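K.L.:
Submitted below is the structure of interest, expressed as structure tokens.
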Amino acid sequence: MRTINILILLLFLSSQTVNSWKREEFRTCNQAPFCKRARSRKPGACSLIVHDVAVSDGGLTAKLLSKDIPDQSHDEDQEPYQIKPLILTLSVYQDGIMRLKIDEDPSLDPPKKRFEVPDVIISEFDAKKIWLQRVSTETIDGDRGPSSIVYLSDGYEAVLRHDPFEVYVREKGRNVRVVSLNSHSLFDFEQLRTKKEGEDWEERFKGHTDTRPYGSQSISFDVSFYEADFVSGIPEHATSLALKPTRGPDVEHSEPYRLFNLDVFEYVHESPFGLYGSIPLMIGHGKSGKSSGFFWLNAAEMQIDVLGPGWDAESGISLPSSQSRIDTFWMSEAGIVDTFFFVGSGPKDVVKQYTSVTGKPSMPQLFATAYHQSRWNYRDEEDVEHVDSKFDEHDIPYDVLWLDIEHTDGKRYFTWDKVQFPHPDEMQRKLAAKGRHMVAVVDPHIKRDESFPLHKEATQKGYYIKDASGKDFDGWCWAGSSSYVDMLSPEIRSWWGDKFSYENYVGSTPSLHIWNDMNEPSVFNGPELTMPRDALHFGGVEHRELHNSNGYYFHMATSDGLLKREDGKDRPFVLSRAFFAGSQRYGAVWTGDNTADWDQLRVSVPMVLTLGLSGMPFTGADVGGFFGNPEPELLVRWYQLGAYYPFFRAHAHQDTKRREPWLLGERKTELIKEAIHVRYILLPYFYALFREANTTGVPVARPLWMEFPSDEATFSNDEAFMVGSSLLVQGIYTERAKHASVYLPGKESWYDIKTGSTYKGGKFYKLDVSEESIPAFQKAGTIIPRKDRFRRSSTQMINDPYTLVIAVNSSLAAEGELYVDDGKSFEFEKGAYIHRRFVLSNGKLTSSNMASVPSGKSMFFSECIVERIILLGYPSGPKSALIEPANQKVEIVLGPPWPQGGRGKAVVTIRKPGVRISDDWTIKIL
């Protein structure tokens, strides 16, 4: 029997390499009863009203009661049952954040406690709670009785409408809504109950049976975003940045946007189908420049409709007609209502509010922000050494070499194939001698092999997820018959973290970092290639309740393990495929198993941008496409775009042709090399942006409308993006392209980063493009730090001098920042960093300190100097500059704007100013 199972597995795995995504393997909304039921509800269906409003524990509390006394039935195969009161709590936090929770009343003895997702909301957020002292009342026009009004911030207040039940945020002093819940009375909360004899609660799909021991427990409601022209967010989907309507009079039949973490190989673009990760955060934005956000902390399967205009034309419900809005409909299989309302003056404010709840992104090590070279799989130590030497031979920098599953001993993680990788520590040290690192994959499925100590220990300790009968769950993945560690338990996460110690992970060194793949979790013989929903976790939690957070806990445990390994000294690098709200605290993610075609290149941009909007700044797509063999032109264009992804990694399937940069012929190799050089030149700028994300939550790669929130021409543009606030990048998404349409927003000018050519803002341009690069522009009024010398890796660039590129605006002024630390440790949290502000005004460039260093804390010093200052748009004529306080004159010449030189016009350049980046100084142009 075991032999037969192995043969079946091998047949399945072989099919993975030749067959594309099969839609029929995954459930539609109609095949998910909770979604089908919810979608069939009509506006006005909710009969709940608010009773017993009080102030308790610093928040507003109330009961939700049904006006309809008769029982309701939610399932055709279930008896009608009595609706019990629900408990509502409304809390207010600093920065204008409102939290709304609705759950079953524990005093009414429900069959079990509904699952609330732990360890996502950071502890610091609780300290920001504003304790309510009282609640005022107001009778809303047309209502029979008063509603409760709660202070939210100086400009906003929250309204709990009693009858009909509704919650919304409005501008204070005006009846102008911002974001609302249950305005269309679509709210529904299926309560847990005890199964009666003879009832059949099972659900079946593709030969799999879900026992559903507590019956239907879904929740659904409508959310409206007012004054919004579009909504964005709710990753992960391969769709446009502005989410398209899924229901409405002019919408062809569409599935809702699905949030259910799945192993989807060769996914298709322009699909609402769920992929590897889920973040239930949506942002609405409009031409006023204002944004609002809504986040539902719920890890069960979720389906979300974006409703087109007129979807409710026959409902008879009249909402405020003076305000435009976008309506959405949220449906989840389980959990509770635990929602957050964010009201910001712009999109950056909403992201800042969201990350104040779920945590700011971690600060990566410097090497992780550089270029990564990966493949499934580099065969052996000789292959690794060959690839490494070829990068040096062709003068192409890289920082990280990756090993996929084949490096292990029979897919037993934390081990090495003794034949192919007999000296793993020595292999890593050879790379480390050049300042390079290695990443090895560690997946969540543990091979069920009694000779494997990890499996034996997990079995003995009872650390595996259980099946519905209480036995260790047994599923199939790369290792064959496998079990899955239950990361919901803090004790088990700590145990897992210990496995990364040098003693336990034999052959690992400080330069080895980790990749968590398949952690949705992927189960090849499971329903929809994932774990059954009735599997059981720590505390009796059903897998259906936490599925979307499974990879999050695995990512957390692995990251904490690397922290333990280094005694908390060095920042861990862990890449995860599955993710959830809060994953930004533990490392990077990527967009999964994409395909080598032009459409996938195009859709990578909105996918990366949506992740950034949702708190995940450290993300990118596999350069070149994981599946398939990209033609050389596509591969070059992907490198040119990928150099601007926050996470820059080339990766490929084992069945594809080898495509390391030197294998494409001399010309294409040079083009790829130049694209990689772009990333290394801009590393100081990227690193400063990662620090900005670490402190504020604002992403590294940004939609144009994040920087130009009132410019409607940016709203539907997801082919171009901003890197920080200073660079605009336009990808090339068609083969043999001779021209590119580029929109440059704003009133100030833009400068081509390589030629220095000037373009006025607020206009569309049809630009000639060559094979050499994609269009990229620096915004006037900004200063970007660069490192222009080419090295083997970022580590070898640490002591290299800087170039400052100043793009002047119409007032011949500009400003920018530089952030530097040791690139590795957590000492920056103690004040060990350099943070400089550069300002050019009235012909004088000033460097001043921005670091906030607590008294007595350690400092970070650098002897690095500025060797060149390039001034784009500055009128020629000056011949020298005066450096103070050194009272030293230096020469001004005309030089190239880009290190390779020769292609652009000569621009004003201050040669060899020699000032240290750690010092205060002034340079006056004479």
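K.L.:
Taking the 0 to 90 degree range and rounding to the nearest ten, how far is the long axis of helix 632-642 tilted relative to the main principal axis of the chain, both from C-alpha atoms?
P.N.:
Orientation of helix 632-642: about 80 degrees from the principal axis.
K.L.:
Treat every Asp and Glu Cβ in the chain as -1 and every Lys and Arg Cβ as +1, leave all other atoms uncharged, and give the resulting dipole magnitude about the Cα centre to the nearest 20 debye.
P.N.:
Around 2960 debye, computed over the chain.
K.L.:
Cysteines without a disulfide-compatible partner in the chain, using Cβ under 4.7 Å as the rule?
P.N.:
Cysteines of the chain left without a disulfide-compatible partner: 46, 477, 864.
K.L.:
Of all beta bridges DSSP finds with both residues in the chain, what is the antiparallel percent, to the nearest 5?
P.N.:
In the chain, approximately 85 percent of DSSP beta bridges are antiparallel ones.
K.L.:
Once amide H atoms are built 1.01 Å from N in the peptide plane, which residues 5 or more positions from residue 259, or in another chain, come under 5 Å H to H?
P.N.:
Sorted by chain and number, the residues that satisfy this are 302, 303, 304.
K.L.:
Scan around residue 579 for amide H atoms under 5 Å from its own, H built in the peptide plane at 1.01 Å from N, and keep only partners 5 or more places away or cross-chain.
P.N.:
Answer set, sorted by chain and number: 277, 278.
K.L.:
For the range 366-705, what is the accessible area per residue in Å² when the probe is 1.4 Å?
P.N.:
26 Å²
K.L.:
Quick one: helix 598-613 against the long Cα principal axis of the chain, what's the angle to the nearest 10°, folded into 0 to 90?
P.N.:
Helix 598-613 sits at roughly 70 degrees to that axis.
K.L.:
Taking θ as phi - 60°, what are the ³J(HN,Hα) couplings along the range 839-852 by the Karplus curve (6.51, -1.76, 1.60), each to the nearest whole Hz, with x for Gly and Pro?
P.N.:
With the stated coefficients, the range 839-852 comes to 9, 9, 7, 6, x, 10, 9, 10, 10, 10, 7, 10, 5, 10 Hz.
K.L.:
Using a probe radius of 1.4 Å on heavy atoms only, what accessible surface per residue do you get for the range 183-251? Whole Å² is fine.
P.N.:
With all protein chains present, the range 183-251 gives 35 Å² per residue.
K.L.:
List the longest stretch of the chain that has no exposed loop site; here a site is one of the chymotrypsin sites (Phe, Trp or Tyr not before Pro) assigned by DSSP to anything other than H, G, I, E or B, with at most 12 other Cβ within 10 Å.
P.N.:
In the chain, the maximal stretch lacking such sites is 132-860.
K.L.:
Can you list the HN-Hα couplings for the range 135-143, worked out from phi with the Karplus curve (6.51, -1.76, 1.60; θ = phi - 60°), rounded to whole Hz and with x for Gly and Pro?
P.N.:
10, 8, 10, 7, 8, 6, 3, x, 7
K.L.:
Okay, next question. Which one, 749, 820, 269, is farthest towards the positive end of the dipole of the chain when Lys and Arg carry +1 and Asp and Glu -1 on their Cβ?
P.N.:
Checked the options; the winner is 749.
K.L.:
Relative contact order for the range 364-499: what percent, with Cα pairs under 8 Å and sequence separation of 6 or more?
P.N.:
It comes to 19 percent, rounded to a whole number.
K.L.:
Can you find, among 781, 623, 698, the residue sitting farthest towards the positive end of the charge dipole of the chain, where Lys and Arg contribute +1 and Asp and Glu -1 at Cβ?
P.N.:
Projecting each Cα onto the dipole axis, the largest value belongs to 781.
K.L.:
Can you give me the long-range amide H partners of residue 437? Hydrogens built in the peptide plane at 1.01 Å from N, cutoff under 5 Å, separation of 5 or more residues or another chain.
P.N.:
Under 5 Å from the amide H of residue 437: 400, 401.
K.L.:
Let me ask you something else. Using the Karplus equation 6.51 cos²θ - 1.76 cosθ + 1.60 (θ = phi - 60°), what ³J(HN,Hα) coupling, rounded to whole Hz, does each residue of the range 195-207 give in order, writing x for Gly and Pro?
P.N.:
Each residue of the range 195-207 in turn: 5, 8, 4, x, 6, 10, 9, 6, 10, 10, 8, 6, x Hz.
K.L.:
Put +1 on the Cβ of every Lys and Arg and -1 on every Asp and Glu Cβ in the chain; which of 162, 83, 662 then has its Cα farthest towards the positive end of the dipole?
P.N.:
In the chain, that residue is 662.
K.L.:
Right, next: By a straight-distance test (C-alpha under 22 Å), which lysines pair with residue 196 as possible cross-link partners, with residues fewer than eight away in the same chain excluded?
P.N.:
Qualifying lysines at Cα under 22 Å: 84, 112, 113.
K.L.:
For the pairs 22/668; 287/763; 206/456; 195/471; 434/569, flag any whose C-alpha to C-alpha distance is greater than 25 Å.
P.N.:
22/668; 206/456
K.L.:
Normalised by the residues of the range 801-925, what does the relative contact order come to in percent, with Cα pairs under 8 Å and at least six apart?
P.N.:
So the answer I get is 28 percent.
K.L.:
If you don't mind, there's one more thing I want to ask. Sequence gap at least 6, Cα distance under 8 Å: using those rules, report the relative contact order of the chain to the nearest whole percent.
P.N.:
In percent, rounded to a whole number, it is 9.
K.L.:
Just the number, please: carbon plus sulfur as a percent of the accessible area of the chain, 1.4 Å probe, no ligands or DNA/RNA counted.
P.N.:
49 percent
K.L.:
Please list the three semi-axes, largest first and in whole Å, of the ellipsoid equivalent to the range 378-481, using sqrt of 5 times the eigenvalues of its alpha carbon gyration tensor.
P.N.:
35, 13, 11
K.L.:
Accessible area per residue for the range 801-925 in Å², computed with a 1.4 Å probe and the full protein assembly in place, what is it?
P.N.:
47 Å²
The values are calculated or read from the model by the stated rules, or taken from the named source; none is laboratory data. These numbers were taken from a predicted model, which means no experiment stands behind them. Reconstructed Cβ throughout: ideal geometry from the backbone, glycine too, with neighbour counts over all protein chains shown. Note: areas computed on protein heavy atoms with side chains; ligands, DNA, RNA excluded. Shrake-Rupley method; radii C 1.70, N 1.55, O 1.52, S 1.80 Å.
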